[in-house]
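The values are calculated or read from the model by the stated rules, or taken from the named source; none is laboratory data. It should be emphasised that the depicted structure is a prediction, and the values quoted were computed from it without experimental measurement. Neighbour counts run over all protein chains shown; Cβ positions are idealised from the backbone, glycine included. Surface areas here come from the heavy atoms of the whole protein model, side chains and all, with no ligands, DNA or RNA. Shrake-Rupley method; radii C 1.70, N 1.55, O 1.52, S 1.80 Å.
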Amino acid sequence: MSREAGAKTPRGPLARYREKRDFAVTPEPPPEAPPPPHPTPTARPLFMVHKHDASRLHYDLRLETGGVLASWAIPRGPSYDPADRRLAVETEDHPLAYGDFEGRIPEGEYGAGDSIIWDRGTYDTDPPGQFETMKRRGHLVLRLDGEKLQGRWHLVRTHGGAASGGKTEWLFFKGRDEHARSGYDVVEARPESVVSGRRVTRGPLRKSMRAAPHPAPLDLLIAVWPPMLAAPGSLRVIRDECYLLEAKYDGYRALAGVSGGRVALQSRNGRDLAARFPSLIAPLAAIEAAEAVLDGEVVSFDSDRVAHFQDLASGRGDLEYLAFDLLWLDGVDLRRRPIEERRDLLESVLANLPADSPVRLAERITAKGEAALQQALEAGLEGVIAKRCGSTYHQEGSRRSDDWLKLKLLHEQEFAIVGYLAMSGATDQLGALLVAVAEEGGFRYAGKVGTGYTAVMRRELVRLLDMDRLARPFPALRDPPRYRSARWVRPRHVASVCFSAWTREGRLRHPSFRGLRDDKSVEECVRESSGVALPG
């Protein structure tokens with residue numbers, strides 16, 4: 001979207017750049033934005049190439065000169081073959097701050113679509129310091145020292161000079177030097193951003209997709225159901241094999257379906273969460289896609305950005321939806337795409353949400369091995385999720401996949417509630433929960449949980465559990481404990497419990513109640529591996 005024709009803007013080398021953009025909408029830097037710090041100690045000017053997925057995918061060569069970035073759009077990108085001369089259309093100068101820009105230009109804006117920094121480095125003319133003279137003559141001889149583009153390159157203005165729309169046409173090609181390589185396609189071989197590592201980009205939303213009828217968001221969720229589950233993992237596996245690491249949050253797993261501005265939000269066992277977390281619906285509807293299915297976690301953070309599961313029930317804390325996967329986008333099922341591509345597209349979908357939006361990307365963990373777990377521990381995370389490099393999103397019933405592994409920093413899991421003990425002298429208050437793990441054909445007692453409750457919780461849990469009281473002295477448990485005052489209940493409710501260790505007898509050591517989980521069933525409460533012990 002261009003600025004209004006009548007708006008008064010200062011003239012100068014960046015006037016055209018300013019006139020084409022609305023900086024209240026686009027994340028691109030305005031002309032007055034300060035330039036980025038020079039990445040090297042040399043005095044050589046900077047160059048960069050943006051891979052820009054606009055109405056057509058192209059590559060924007062930008063050269064620092066005279067306080068701006070002179071720019072050329074190269075539709076097919078650079079070629080290392082000196083005989084392969086690529087069209088380069090001169091465009092408006094850009095501010096130096098654009099050298100750090102990587103993101104998505106919003107729908108309806110000039111150049112809408114993803115733009116990543118495909119290459120960057122320093123350059124000079126050959127001989128040095130002749131940029132303006134060479135440009136006037138129509139032949140720039142450049143020496144590029146980038147991460148992908150190296151050696152001598154030429155920009156030659158064509159005889160006609162003017163393309164449609166009055167833009168000047170040039171030819172960009174490799175000089176014949178030791179870096180020249182015929183038959184090597186650098187665009188195909190090196191598609192990634194040199195800043196973020198992103199490989200996949202997304203253009204503007206097609207008009208046909210915007211205008212098309214869209215299914216109900218719940219139908220999109222049904223099309224990709226059920227959610228993929230993670231298996232317990234070990235430090236050895238993530239140390240020895242290639243895994244991408246993400247933060248593991250203490251919250252509700254939730255899939256979000258967005259279709260034509262409507263939203264469905266469901267837990268991993270199919271419960272409707274839209275009514276329970278209404279503040280997330282409008283922010284999810286604002287993502288830049290006609291149709292999408294996101295996988296993520298509903299989390300409540302305290303003022304130190306530590307997640308607390310129990311706050312999801314009480315309404316305390318700051319509620320957020322942290323997305324970690326994208327399963328469907330604008331009519332395309334993405335589940336068979338590699339995890340890296342799905343993550344790139346997810347970043348694109350969420351790129352232009354407001355900074356204060358409660359819908360965010362789940363945090364990536366860049367450290368490896370023990371350092372990754374230490375980083376997660378210092379951040380107050382529940383653990384780490386490891387996703388195998390190149391893996392797809394697949395569902396195998398209730399079986400968990402070792403393509404996704406969960407490594408817990410705390411000993412914590414879910415247990416079936418099979419009974420409780422009343423507080424001494426106060427029969428309407430809970431003293432301790434009696435919990436069990438599911439095994440083939442029944443449940444095995446795991447221990448009593450007597451801490452972690454508020455006074456209100458103790459009364460509410462008694463009222464809740466009394467509705468499921470059994471009229472017999474012992475439950476259907478293997479090796480049941482002998483508590484004369486125990487009140488046994490049908491195993492319907494799930495408790496999240498934190499504890500220090502398992503005893504040899506299969507009991508919990510130092511357990512503490514964290515909250516009820518209505519997004520999981522008692523049959524899922526199997527004994528899990530313990531948390532990860534950090535060295536030292």
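Computed on protein heavy atoms with a 1.4 Å probe, the accessible areas place 123, 483, 453 in the order 483, 453, 123, largest first. Extension gain, residue 272 to residue 482, is 71.7 nm, computed as 0.36 nm per intervening residue step minus the present C-alpha separation. Can you give the percent of C-alpha pairs in region 120-198 whose distance is more than 18 Å? Summing the P(r) of region 120-198 above 18 Å gives 52 percent of all pairs. Averaging the Cα positions of each part gives two centres, and for region 340-412 and region 239-287 these lie 13 Å apart.
Close amide H pairs (under 5 Å, H built 1.01 Å from N) link residue 158 with 169, 170, 171, residues at least 5 positions away or on another chain.
Using only alpha carbon pairs under 8 Å that are at least six residues apart, calculate the relative contact order of region 59-101 and give it in whole percent. Don't jump to the answer; show the numbers that get you there.
Details: 64 pairs, mean separation 16.5, N = 43.
Averaging sequence separation for qualifying contacts and normalising by length gives 38 percent for region 59-101.
Computed over the Cα atoms, what is the radius of gyration of region 391-455 divided by 2.2 N^0.38 Å, N being its residue count? Write out the running numbers ahead of the final one.
Values: Rg = 17.2 Å, N = 65, 2.2 N^0.38 = 10.7 Å.
Cα-based Rg divided by the globular estimate yields 1.60.
The value given for region 168-221 is a Kirkwood hydrodynamic radius of 16.4 Å, derived from the mean inverse Cα-Cα separation.
What area, in nm² and to one decimal, does the C-alpha convex hull of region 149-260 cast on average over all directions? Walk me through the numbers before you get to the answer.
Details: hull surface 59.7 nm².
Spelled out: convex hull of the Cα atoms, projected over all directions, averaged, 14.9 nm².
Solvent-accessible area of residue 110, all protein chains in place: 80 Å² (probe radius 1.4 Å, heavy atoms, ligands and nucleic acids excluded).
Its DSSP H runs of at least 4 residues, each contributing -39,500 (n - 2.57), put the calculated 222 nm mean residue ellipticity of the chain at -3500 deg cm²/dmol, to the nearest 500.
With a ≥ b ≥ c taken as the square roots of the eigenvalues of the C-alpha gyration tensor of region 212-333, please select rounded if a/c is under 1.5 and otherwise prolate if a/b is larger than b/c or oblate if it is not? Verdict is oblate for region 212-333.
Using 1/(1 + (r/R0)^6) with R0 = 51 angstrom and r between the beta carbons of residue 370 and residue 22, what's the FRET efficiency to the nearest 0.05? Given R0 = 51 Å and the Cβ-Cβ separation, E is 0.60. For region 268-372, the orientation-averaged shadow of the C-alpha convex hull comes to 8.3 nm² (one quarter of the hull surface). Here the average projected area of the convex hull drawn through the C-alpha atoms of region 31-145 stands at 7.7 nm². Of the whole protein surface, residue 133 contributes about 40 Å² of accessible area at a 1.4 Å probe radius. Principal axis extents of the C-alpha atoms in the chain (largest first, rounded to whole Å): 99, 51, 37.
Pairs 148/248; 207/387; 368/448; 135/174; 20/135; 148/387: which exceed 26 Å Cα-Cα? Mind dumping the intermediate values first?
Values: 148/248 35 Å; 207/387 35 Å; 368/448 37 Å; 135/174 17 Å; 20/135 24 Å; 148/387 28 Å.
Beyond 26 Å: 148/248; 207/387; 368/448; 148/387.
Using a ≥ b ≥ c from the Cα gyration tensor of region 405-500 (square roots of the eigenvalues), is it rounded, prolate or oblate, where a/c under 1.5 gives rounded and otherwise the larger of a/b and b/c decides, a/b for prolate? Walk me through the intermediate numbers first.
Numbers: a/c = 1.91, a/b = 1.20, b/c = 1.60.
Judged from the Cα gyration tensor, region 405-500 comes out oblate (a/c at least 1.5, b/c at or above a/b).
Under 5 Å between amide hydrogens, built in the peptide plane, is the criterion, and for residue 493 it picks out 417 among residues at least 5 positions away or on other chains. Considering only alpha-carbon pairs that sit under 8 angstrom and 6 or more positions apart, the relative contact order computed for the chain is 11 percent.
Our summary gives region 258-350 a relative contact order of 25 percent, counting only alpha carbon pairs under 8 angstrom and 6 or more residues apart.
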